[in-house]
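The next block holds one structure in the form of C-alpha cells; read it before the comments.
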Amino acid sequence: MTLDVSLIPMLQDNYGHLIVEPETGTVGVVDPPEAPPVLAALAERGLGLDWILITHHHGDHIGGIPGLTAATGARVVGPRADQARVPGLTFALGDGERFAFGATSAVVMDVPGHTRGHIAFWFDRDQAVFAGDTLFSLGCGRMFEGTPQQMWHSLARLRALPGETRMFCAHEYTASNGRFAATIEPDNADLRQRLRDVADLRAAGQPTLPTTIAQECRTNPFLRVDVPAVAAAVGTQASDPVATFAALRRAKDGFKG
Ligand code: ZN
Ligand code: FE
C-alpha cells in the first residue's frame with residue numbers, strides 16, 4: 001500500500017502536504033506554513049497528526065508548528081544541520097538516515113543551497129520525494145545560503161532519483177518558472193507540451209504538482225545544464241555544469257516575465 005499524499009494550498013502559493021501511510025494510519029504533514037488549514041483537512045478526514053516533517057527553517061515552512069503541536073501533540077522531524085533554526089524540532093536527521101513513518105520510511109537527503117540546512121524526504125518504496133524549496137517544477141529555489149556548486153550538487157542528486165518518482169515541492173511556481181524556461185529552450189517539444197498542460201491546469205484552478213523526476217529531466221532547464229542548447233542559451237559550455245547552473249540561476253533572478 002503506497003503513501004497517500006494530498007496537497008493543501010496555503011498562503012499565496014505554498015503547498016503543505018498531508019501524508020497518510022494506509023497500513024498503520026500514520027499521518028504527517030510536510031512544511032506547514034500555518035496550522036488552521038491543516039487542522040481543517042485533518043478534521044474533514046477524521047485524522048489525528050503524528051508527525052510534522054520540515055525541509056528547512058523558512059517561516060513559510062515552519063509557521064504551522066506551534067499551532068499544530070499544541071492541537072495534536074505531533075512530533076517534529078527536520079534537518080540536523082539546522083536544529084537551532086527550527087523551533088520545536090523533536091527529532092533531527094541528516095544525510096542517508098532513514099525516517100520510519102508507519103510501515104514505510106523516507107531516506108533523508110541533505111540538499112543545501114537554498115538554505116545551508118535544507119533536506120529532502122525521499123520515500124523510496126512509495127516513489128515520492130518532498131523537495132521543499134530546492135527543486136520546483138521547471139525551476140529551482142533561490143540560493144540564499146549556498147554556492148552554485150552546492151546547489152547544483154543538490155539538484156544533481158535529486159535528478160538521479162528514479163524517473164517515476166513523484167516530486168512534491170512547496171510552491172506553485174510552475175507557470176512563472178515556465179515563462180523563463182521557454183526563453184532558454186524554445187524548441188524543447190516536451191517543455192512546450194508541459195507549458196500547455198500547465199496553462200490548462202491553472203485555468204481550471206488545479207495544481208501543476210506533483211510532477212515526476214523524469215518529466216523534470218526533460219523540461220526543467222536547471223536539471224539540464226549539461227545539455228548543449230541550455231549552456232548555449234546562457235553563453236557557457238555544457239561541459240561545465242556548475243558555471244552553466246550559476247549563469248542560469250543569475251538569469252532567472254533577473255528575469256521579469
Ligand atoms: Zn524557503
Ligand atoms: Fe518557501
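The values are calculated or read from the model by the stated rules, or taken from the named source; none is laboratory data. This structure is a prediction, so every number in the text was calculated from the model and none was measured. Ideal geometry is used to build each Cβ from the backbone, glycine not excepted, and the neighbour counts take in all protein chains shown. For the accessible areas, the whole protein counts, side chains as well, though only heavy atoms, and no ligand, DNA or RNA atoms are used. Shrake-Rupley method; radii C 1.70, N 1.55, O 1.52, S 1.80 Å.
Side notes on the structure shown:
- When residues of the stretch 131-140 are limited to those that are within 10 Å of T55 (Cβ to Cβ) and either open to solvent by 10 Å² or more (accessible area, probe 1.4 Å) or touching a His at 6+ places or on another chain (Cβ under 7 Å) (or both), the one farthest from ligand 2 (Cβ to nearest atom): T134
- Output for the stretch 77-87, where each listed residue is in contact with a Lys or Arg (Cβ under 9 Å, 6 or more places away or on another chain) and open to solvent by 10 Å² or more (accessible area, probe 1.4 Å): A81
- Here F144 fulfils each of the conditions (1) without any contact (Cβ under 8 Å) to a residue 60 or more places away in the chain; (2) surrounded by 18 or more Cβ atoms within 10 Å (Cβ to Cβ) apart from (2).
- So A81, is it free of Cβ contacts under 8 Å to residues at least 40 places away in the same chain, hydrophobic (A, V, I, L, M, F, W, C), over 30 Å from R249 (Cα atoms) and away from ligand 2 (no atom under 16 Å from the Cβ): no
- All told, R75 falls short of being closer than 30 Å to A156 by Cβ, among the charged types (D, E, K, R) and over 16 Å from the mean Cα position of the chain (by Cα).
- Strands (runs of 3 or more DSSP E) completely within the stretch 2-70 that count 1 or more residues being within 14 Å of ligand 1 (Cβ to nearest atom) and not aromatic (F, W, Y): 4-10, 14-21, 26-30
- Scanning the stretch 158-193 for residues that are open to solvent by 10 Å² or more (accessible area, probe 1.4 Å), within 28 Å of V30 (Cα to Cα) and in a helix (DSSP H, G or I) yields R159, A175, S176, R179.
The rows are residues; the columns are (1) part of a loop (DSSP other than H, G, I, E, B); (2) under 26 Å from P22 (Cβ atoms); (3) of a type in the set (G, A, S); (4) more than 14 Å from ligand 2 (Cβ to nearest atom).
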| position | (1), (2), (3), (4) |
| --- | --- |
| R116 | yes, no, no, yes |
| R125 | yes, yes, no, yes |
| V129 | no, yes, no, yes |
| E145 | yes, no, no, no |
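- Residue list for the stretch 92-114, restricted to those being open to solvent by 20 Å² or more (accessible area, probe 1.4 Å), within 20 Å of L3 (Cβ to Cβ) and either within 15 Å of ligand 2 (Cβ to nearest atom) or in a strand (DSSP E or B) (or both): R98, A100, V107
- When L7, L53, L3, L49 are checked against the criterion of being within 18 Å of the chain's Cα centre (by Cα), more than 15 Å from ligand 2 (Cβ to nearest atom) and not basic (K, R), L3 stands alone in meeting it.
- Only listed residue being at negative phi, crowded, with 16+ Cβ neighbours inside 10 Å and of a type outside the set (F, W, Y), chosen from E21, E44: E21
- Identity of the residue in the stretch 147-157, of a type in the set (S, T, N, Q) and assigned to a helix (DSSP H, G or I), that ends up least open to solvent (accessible area, probe 1.4 Å): S154
- Scanning the stretch 204-226 for any residue that is more than 23 Å from G113 (Cβ to Cβ) and within 19 Å of the chain's Cα centre (by Cα) turns up at least one such residue.
- Of all residues in the stretch 239-246, at least one satisfies being farther than 27 Å from F121 by Cβ and open to solvent by less than 10 Å² (accessible area, probe 1.4 Å).
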